[in-house]
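Written out below as C-alpha cells is the structure these notes cover.
The values are calculated or read from the model by the stated rules, or taken from the named source; none is laboratory data. The structure displayed is predicted, hence computed values, not measured ones. Note that each Cβ is placed from the backbone with ideal geometry, even for glycine, and that neighbours are counted across all protein chains shown. These area figures cover heavy atoms from the full protein model, side chains too; ligands, DNA and RNA do not enter into them. Shrake-Rupley method; radii C 1.70, N 1.55, O 1.52, S 1.80 Å.
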Amino acid sequence: QVQLAESGGGLVQAGDSLKLACAASGGSFRNYNMAWFRQAQGSERLFVSTISRSGGTWYDASVKGRFTISRDNAKSTVYLEMHNLNSDDTAVYYCAAGSHSLWYTRPDNYDYWGQGTQVNVSS
C-alpha cells in the first residue's frame, strides 16, 4: 500500500551531523505513524524515534537530545536530523510506517519498511 525509500546516509566523522530522509509513495502518508529504526552489523533492529500522525515525537534514550524527527506531509517525507554522531550510531537506518502506536518501539508495530540507508561514523 505504501513504499518507503530512505536517503541521506554516508560516512562521517565523530561529532558530525547528517540528515536522513524517507520518502513515501503509494499511500496516505498523513494517516501513518512514522518511525526510524537502526540495525548495527550483527545486532538486532532497534528503535530510534517515532513521530505520530499528529506530530508527537518520542526518542530512544541513546539519541534523545541529539536526534530530531520531523515530517512534511505535503512532501510525504519523514526526516531524521542527527547531530554529534558517534561510533555507536553506526548502523543501517530504516524508515517504517504503521497504523498503531501502543508498541511503538517494536518493529512488528509497523507495516511498511524502507530498504535502509547506511550511516558510518568513524572515530
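List of remarks:
- Residues satisfying the stated conditions in segment 4-18, i.e. assigned to a strand (DSSP E or B), open to solvent by less than 40 Å² (accessible area, probe 1.4 Å) and not hydrophobic (A, V, I, L, M, F, W, C): Glu6, Gly10
- Checklist (1) of a type in the set (Ser, Thr, Tyr); (2) over 11 Å from Phe37 (Cα atoms); (3) more than 11 Å from the chain's Cα centre (by Cα) applied to Ser70, failing item: (3)
- Of the residues examined, Gly114 is not one that is surrounded by 15 or more Cβ atoms within 10 Å (Cβ to Cβ) and touching a helix residue (DSSP H, G or I) at 6+ places or on another chain (Cβ under 7 Å).
- Meets criteria (farther than 16 Å from Gly98 by Cβ, in a strand (DSSP E or B) and of a type outside the set (D, E, K, R)) for Ala21: yes
- When residues in segment 84-111 are screened for being open to solvent by less than 70 Å² (accessible area, probe 1.4 Å) and either assigned to a strand (DSSP E or B) or within 14 Å of Asp16 (Cβ to Cβ) (or both), 13 of them pass.
- Looking across segment 63-83, just one residue is touching a strand residue (DSSP E or B) at 6+ places or on another chain (Cβ under 8 Å), polar (S, T, N, Q) and in a loop (DSSP other than H, G, I, E, B), and that is Ser76.
- Reported count of residues in segment 47-68, each being touching a Lys or Arg at 6+ places or on another chain (Cβ under 8 Å) and without any contact (Cβ under 8 Å) to a residue 40 or more places away in the chain, is 3.
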